[in-house]
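First up is the structure itself, then whatever we jot down about it.
Taken together, the values in this text are just the output of simple stated rules run on the coordinates, not laboratory data. For clarity, every value in this text was computed on a predicted model and none was experimentally measured. No Cβ is skipped: glycine too gets one built from the backbone with ideal geometry, and neighbour counts run over all protein chains shown.
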Amino acid sequence: MSYIGFDIGTGNLVCSKYLNEKKSITQSMRNMFLPVSPDTWSTSEISNTNLDYVELYENDGSLQCIAIIGEDAFRFANIFGQEVKRSMKSGLISSKEIDSVDIIGHMIKHLCGELDKDQNYCVFSIPAQPIDLKNIPNVTYHEKVFTKVFESLGFKVHTLNEGMAVVYSNCKDEDYSGIGISFGAGLTNIACSYKGIPALTFSVGVGGDWIDKNVAESTGKLETRVIAIKEKKLNLSDETLINEGKKEEVRIKQGLLTFYEELIDYVLKTISKEFQAKSDNLEIDEKIPIILSGGTSMVPGFLDLFTRVFNEKYRSNFPYDIKEIKMAKEPLYSVAIGCLEYCLLLFKEQQKKGE
């Protein structure tokens, strides 16, 4: 019997697998691919490498292309000055990439690994519908697509809001009360929970991709170059480090700092507005924590920058008393771990009842 929590993120796919009462294993994969024409690189040639890839076929059975996936796609694109393709956009399955489902399905199967022959259970994350994006597909379609993917692998499936997953993985000591914020690549998801009950959930259409796009446009550099510097050379609370290096690198780091602060300010402004407008009937007497998670939050100095903006502009008028602001225990894995926690609570309870 297998229990799995899965985070289907725009930037990363993360799988948390239950092993026993004391141990689980969590693995991730960049959710991106780089198509290669069979005329450029044959299947026999690529099969002799250690690259992760998937073969894509036309309806008539002919080979359409070879897609290098995950970290290998990012490295190849960065080395050769190309842009990777994304299977998802703004937190949802991309309508522009016709092979998205096939590619992500392959990645999901790879991360889940071998399953038990008995019943297998999975809870995967879904975003809240963005409140500030127009002409975006409904989350329901996205949810049904991935429900079918997991069911085809042999899972009994349930879904969990992404922000709530952050609460489930980090607020057990508070009886699952808190505000979970998942700063993803495509969206930022927010959930306010009281005793495990979602009081308010929503998402906004800014995240890591928004930062990368704006910095790339402002500096005239490829997004893969911006991402590489962000992940290796940025500290949002170290001004000296930001201003060190070659001119191109400094410009990119300064741009990243600017748009990170813009992102945090926009998210907090929207949270305050939504909470004030929609949570009047929810009275929470005790102080609750704010939990920060997601790949976009993993840059050094993010917690300091978020806390400074919150204290300077929003704390005095915030609708709830905040106990603390802290990073999730595992920022990149937090949603998947929360999905696994919920999976164990949900399906083990159903088994006890014989459902």
Mind checking whether some residue in the stretch 28-42 is in contact (Cβ under 8 Å) with a residue 40 or more places away in the chain, of a type in the set (S, T, N, Q), in contact with an Asp or Glu (Cβ under 8 Å, 6 or more places away or on another chain) and under 25 Å from Phe155 (Cβ atoms)?
no
Answer yes if at least one residue in the stretch 4-16 is more than 24 Å from Leu92 (Cα to Cα) and of a type outside the set (Val, Ile, Thr), and no otherwise.
no
Just give me the residues in the stretch 313-349 being in contact (Cβ under 8 Å) with a residue 60 or more places away in the chain and part of a loop (DSSP other than H, G, I, E, B), in sequence order.
Tyr320, Ala328, Lys329, Glu330, Leu332, Tyr333
Examine the stretch 130-151 for a residue that is among the β-branched types (Val, Ile, Thr), assigned to a helix (DSSP H, G or I) and over 25 Å from Met1 (Cα atoms), and state whether such a residue exists.
yes
Candidates Asp209, Asp265, Asp285 - the one that is touching a helix residue (DSSP H, G or I) at 6+ places or on another chain (Cβ under 6 Å), of a type in the set (D, E, K, R) and closer than 30 Å to Gly338 by Cα:
Asp265
Search the stretch 203-243 for residues being assigned to a helix (DSSP H, G or I) and among the basic types (Lys, Arg), and hand back the single one that is farthest from Ser94 (Cα to Cα).
Lys233
Qualifying position, being of a type in the set (Gly, Ala, Ser), within 30 Å of Leu346 (Cα to Cα) and surrounded by 20 or more Cβ atoms within 10 Å (Cβ to Cβ), among Ser24, Ser16
Ser16
Residues satisfying the stated conditions in the stretch 75-98, i.e. in contact with a Pro (Cβ under 8 Å, 6 or more places away or on another chain) and either buried (at least 17 other Cβ atoms within 10 Å of the Cβ) or not hydroxyl-bearing (Ser, Thr, Tyr) (or both)
Lys85, Ser90, Gly91, Leu92, Ile93
Ser94 fails exactly one of (1) within 30 Å of Ala128 (Cβ to Cβ); (2) among the polar types (S, T, N, Q); (3) out of contact with any helix residue (DSSP H, G or I) (no Cβ under 7 Å at 6 or more places or on another chain); (4) free of Cβ contacts under 8 Å to residues at least 60 places away in the same chain, namely (3)
From the list Leu263, Leu256, exactly one residue is aliphatic (A, V, I, L, M), in contact (Cβ under 8 Å) with a residue 60 or more places away in the chain and either buried (at least 20 other Cβ atoms within 10 Å of the Cβ) or over 25 Å from Asn31 (Cβ atoms) (or both). Which is it?
Leu263
If you go through the stretch 108-120 one residue at a time, do you hit one that is touching a Lys or Arg at 6+ places or on another chain (Cβ under 9 Å), crowded, with 16+ Cβ neighbours inside 10 Å and over 17 Å from Met29 (Cα atoms)?
yes
